[in-house]
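The block underneath contains the structure these notes are about, expressed in structure tokens.
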Amino acid sequence: MLDSKIPAGPLEKKWEDYKGHVKLVNPANKRKLEVIVVGTGLAGASAAAALGELGYQVKAYCFQDSPRRAHSIAAQGGINAAKNYQNDGDSVFRLFYDTIKGGDYRAREANVHRLAEVSVNIIDQCVAQGVPFAREYGGLLNNRSFGGTQVKRTFYAAGQTGQQLLIGAYQALERQVALGNVKMYSRHEMLELVVIDGKARGIICRNLVTGELERHFGHAVLLCSGGYGNVFYLSTNAMGSNVTAAWKAHKKGAFFGNPCFTQIHPTCIPVTGDHQSKLTLMSESLRNDGRIWVPKKKDDNRRANDIPEDERDYYLERRYPAFGNLVPRDVASRAAKERCDAGYGVGTTKQAVYLDFKYNLINKYGRAEANKQGITNPDQETLIRLGKEVVKEEYGNLFDMYEKITGENPYEVPMRIYPAVHYTMGGLWVDYELMTSVKGLYALGECNFSDHGANRLGASALMQGLADGYFVIPYTLGNYLADDIATKPIPTTHEAFEAAEKSVRERIDTLMNIKGKQSVESFHKRLGKIMWNKCGMARNEQGLKEAIVEIQELKKEFWQDVRIPGEVGEMNPELDKANRVADFIELGELMCRDALERAESCGGHFREESQTEEGEALRHDDRFMFVSAWEYKGDSDWNLNKEELKYEMIKPTQRNYK
Amino acid sequence: MEHYNMNLTLKVWKQKNKDTRGSFETFHVKDISSEMSFLEMFDVLNEQLIEEGKEPIAFDHDCREGICGMCSMYINGRPHGPWHGTTTCQLHMRAFKDGDTIVVEPWRANAFPVLKDLMVDRDAFDRIIQAGGFISVNTGNAQDGNSIPIEKEKADQAFAAAACIGCGACVAACKNSSAMLFVSAKVSHLALLPQGDPEKKTRVLNMIAQMDKEGFGACTNTGACEAVCPKEISLDNIARLNKEYLSAAAVIDK
């Protein structure tokens, strides 16, 4: 069993006690300590900024041309915090409870409680930085509601919350760059971790402009490199999002936690054809006001607006009257798949359901506006006009984006949506201090596994990224570095750096010398198809076993037949992609193994063999109340370590949103 | 939505690196679906080039949902192409018809050197932010988020300015390669909020000084920047910046 180093004492006192007793590094010593931060999304930018402010010498790395591009920027709907500004019964405990329950009782209580505690500080910090959250006319902050909760605790900035939070963190980061506390390396990609005497001491990265390999030393290394949803090829992730930094760390001894826990987001724009390069999310916040339905009749080819009210099946409201359209993501996704598989899907591919705003546009917003303006007995047209104005303010950018992509106007016709890969709850295993199983190597944000169990609630990813970066790592890192103040920077001529760089160089040379026939992209697409069909929204033993064999064959073929044009010593996006896809292929195999091992359903992991009579996910707490932490042993060879999950505060039950 | 396929001729800027001269090359693509995005059309072209044993065209892109600001193609003489308020990645092939010839160039500005083909170096934007595009608040000492009410109208205006994605289309569109729209969006965002007030004078002066140092041109109020901005950042921000600059310059002795 793994030691997660959870502090003793009552749950609600653990973090406070920890902070009160943790070892400190004095300001003079902080200046002598170098910290490497890989990735500059919400977790990385906030960590780099916060550590720079404390006086550490920080080096931050991103593969994009600027830290402001990291994919946190694309988060739309909002960020949760237990502020209870709405007086609707929210509290730290409620946020903690909702998150544990939403995660289907596969998250660690102590981490989640800490997350709920610091959530309130995040909002304060962001407001102080000038993040322009939505406000009421009185000048105070506004909230909206999200899936899996019955309170309004989500702070937002139209449909661009991630952008505004990231710009806040980016500006804090650039301020530290200007002050000389952070050195920024953009267009750099980490390709190896350097471990010396069992401790993470640096990285090897490729300068993506010149193609040169560089060695960088750090007293500690923080991976904030995001999730691995792109293993499915099609996902809502950015094109460059990848697992490479985390995978290199995994192969150097960091355990991989719950790799099979993938979030399939219910409301994305459906696939149109083989040319598709990525999928676009339509924010969960739309489920506040959109009603999801399919026709009651199979293969109904009428246009959506021609189908009368009583011939529509609002299946979420029917199946889950208490939460309705706001059930958690895993539940909503499976319900959409169930309807489409049963033949009720809509659109040309029949792999879509409707998300319809008309009802709330008229009855909620239109009527409220009419009342406000004193219009008695407004006609339908007036209600639509008034409602449209409000909806535009709330979701304008999302509606525009939908129209650009599909050519349809969602104010007039319902959106067509289908589930798509969105987030990975799994990630590098970390202890309470966010340290991986390699000393001095930390994982923050989506890169780690710790807070969302088997399913993440909406608006919680932004919360976790910033919690880890602004409020957790500044304390826990000091606890480790306090014992390292006498360690002088290790010269990068050290043999461990030599060896690490050599292995990277050899791998790149091998890749370039294959000179095969098939493009990197074609391998990535094939991997994605295997993963989506056999390790996607529903999984079973036979399919997973087949997938493992297919992936092993794909891997062999990749290393024999991939074609990478261009040279090593120059900018070469195909080579960068090949490095990433090679790692995705290995990860895909591990995900299938993990999904096979976990013969239960929980959250986003749905094993067809394990479901209730009503088709809900059926957990087996007696056998699977643990975190799977996979230890890399060699090619296609892993050892399973387990961290037992102990629930002191909450009693796990069958999740019920009915 | 009706969809159709098309054959296209592409004239694309190819350049090996910063130090070499570039030139246009002509390519042909077939059976492009009107449902594809512009970048997916480039994916098809690149796969075709790899198949033929040639080097694919390098271009910047990441989120492909119009928010990261990385994509940056100058299409038929207009940054991000023909659609109003749209990034290159959100431009869809419905905008074109069978037989069209499309000319694609990188952003052209002294402050944005070409790295390869259609990729440019926009580090200058980061350095402008470093000069003052922030509020100096350390982590952990913020007061309650609701302790300072902010007029909804001002908050909304600040948000509209903060929606800038830093793509650089404004610079590419400007005959002077001015970065005024970019700088003014940040100055406005922070000047409109009470949190940004204490530093507003030094901020505007330092950011403008850095802009000049990077080699961006001056603003002559032509408005080409606003016309092409994918996030529809308003010229009003430039007016606000000028006001902020004048009042700061009048009282600060630098």
Practice item. Starting from the residue with the highest accessible area, list A:ILE375, A:ILE514, B:ILE233 in decreasing order, probe 1.4 Å. Key: A:ILE375, A:ILE514, B:ILE233
Exercise for review: From the P(r) of segment B:5-105, can you give the percent of Cα pairs sitting at distances over 17 Å?
Suggested key: 51 percent
Check your understanding: Between their Cα atoms, which of B:LYS18/B:LYS186; A:LYS525/A:LYS642; A:LYS183/B:LYS18; A:LYS577/B:LYS213 are more than 27 Å away from each other?
Key -> B:LYS18/B:LYS186; A:LYS525/A:LYS642; A:LYS577/B:LYS213
Check your understanding: Which value, in Å to one decimal place, does the Kirkwood hydrodynamic radius take for segment B:75-154 when every pair of different Cα atoms is included?
Key -> 17.2 Å
**Study point:** Probe 1.4 Å, protein heavy atoms only - accessible area per residue of chain B in square angstrom
**Key:** 40 Å²
Exercise for review: Rounded to the nearest 0.05, what FRET efficiency do B:SER247 and A:LYS517 give with R0 = 45 Å and r taken as the Cβ-Cβ distance? Could you check?
Suggested key: 0.10
Review point. For A:ASP594, A:ASP306, B:ASP43, what's the largest-to-smallest order of accessible area, 1.4 Å probe?
Key: A:ASP306, B:ASP43, A:ASP594
Point to revise | Solvent-accessible surface ranking, highest first, for A:THR280, A:THR612, B:THR26 at 1.4 angstrom | key: B:THR26, A:THR612, A:THR280
Check your understanding: Using only Cα atoms, what Kirkwood radius does segment B:123-251 have, in angstroms?
Key -> 15.0 Å
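In whole percent, what relative contact order does segment A:3-96 give with Cα contacts below 8 Å and a gap of six or more residues?
About 21 percent, as a whole number.
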Review point. What does the convex hull of the Cα atoms come to per residue for segment A:401-545, in Å³?
Key: 236 Å³
Practice item. For helix A:329-341, report the angle its Cα long axis makes with the longest principal axis of the Cα atoms of chain A; keep it between 0 and 90° and round to the nearest 10°. Key: 60 degrees
Review point. How much of B:HIS84 can a 1.4 Å solvent probe reach, expressed as accessible area in Å² and rounded to 10?
Key: 110 Å²
Check your understanding: How crowded by other chains is B:47-59, given as the mean number of beta carbons from other chains within 10 Å of each beta carbon?
Key -> 4
Practice item. Kindly provide the helix-only [θ] at 222 nm of the protein assembly as shown, computed as the sum of -39,500 (n - 2.57) over DSSP H runs of four or more divided by all residues, to the nearest 500 deg cm²/dmol? Key: -11000 deg cm²/dmol
Study note, to complete from the structure: One finds, for A:GLU613 and A:ASP17 with R0 = 45 angstrom and r their Cβ-Cβ distance, a FRET efficiency to the nearest 0.05 of 0.50
Practice item. Could you give the spread of the C-alpha atoms of chain A along their three principal axes, from largest to smallest, in whole angstroms? Key: 79, 57, 50
**Study point:** Sorted largest first, extent of segment A:15-133 alpha carbons per principal axis (Å)
**Key:** 46, 38, 31
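Per residue of B:86-98, how many C-beta atoms from partner chains lie within 10 Å of its own C-beta, taken as a mean?
Taking all residues of B:86-98 together, the mean is 2.
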Point to revise | A:SER145 accessible area, 1.4 Å probe, all protein chains in place, Å² to nearest 10 | key: 20 Å²
Review point. Per Stokes-Einstein, at 10 °C and 1.306 mPa s, what whole-number D in µm² s⁻¹ belongs to segment A:110-260, with the Kirkwood radius over Cα pairs as the hydrodynamic radius?
Key: 84 µm²/s
Study note, to complete from the structure: Buried accessible area between B and A, both sides, 1.4 Å probe, in Å² rounded to 100, is 6200 Å²
Study note, to complete from the structure: Mean other chain Cβ within 10 Å across A:172-179 is 6
**Study point:** Label point at A:LYS251 placed 7 Å out along Cα→Cβ; residues across segment A:582-608 whose backbone nitrogen lies under 16 Å
**Key:** A:582-591
Check your understanding: Counting every Cα pair in segment A:215-332, what percent are over 20 Å apart?
Key -> 62 percent
Point to revise | Angle in degrees between helix A:380-406 and the longest Cα principal axis of chain A, rounded to the nearest 10 | key: 30 degrees
Check your understanding: Which value, in Å³ per residue, describes the convex hull spanned by the Cα atoms of chain B?
Key -> 159 Å³
**Study point:** Column: log10 I(q)/I(0), Debye, Cα scatterers of segment A:62-110, q = 0.14, 0.24 Å⁻¹
**Key:** -0.59, -0.89
**Study point:** Fully extended contour minus Cα-Cα distance, from A:GLU311 to A:LYS529, at 0.36 nm per residue
**Key:** 75.0 nm
Point to revise | Convex hull projection area averaged over all views, segment A:502-620, Cα basis, nm² | key: 8.4 nm²
Check your understanding: With all protein chains present, how much of the accessible area of segment A:502-620 (probe radius 1.4 Å) comes from carbon and sulfur, to the nearest whole percent?
Key -> 48 percent
Exercise for review: Could you work out the Rg to Rh ratio of segment A:269-421, with Rh taken as the Kirkwood radius (inverse of the mean 1/r over all Cα pairs)?
Suggested key: 0.97
Point to revise | Computed accessible area, A:GLU403, all protein chains, 1.4 angstrom probe, square angstrom | key: 80 Å²
Revision key, fill the gap. With every protein chain kept in place and a 1.4 Å probe, chain A has an accessible area per residue in Å² of 33 Å²
Point to revise | Cα centroid of segment A:131-189 to Cα centroid of segment A:220-287, whole Å | key: 21 Å
Review point. How would you rank A:630-642, A:288-300, highest first, on the average number of other Cβ atoms within 10 Å across their residues?
Key: A:288-300, A:630-642
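The values are calculated or read from the model by the stated rules, or taken from the named source; none is laboratory data. This structure is a prediction, so every number in the text was calculated from the model and none was measured. Here the Cβ is made from the backbone with ideal geometry for all residues, glycine too, and neighbour counts use every protein chain on show. SASA here: full protein model, heavy atoms, side chains in, ligands and nucleic acids out. Shrake-Rupley method; radii C 1.70, N 1.55, O 1.52, S 1.80 Å.
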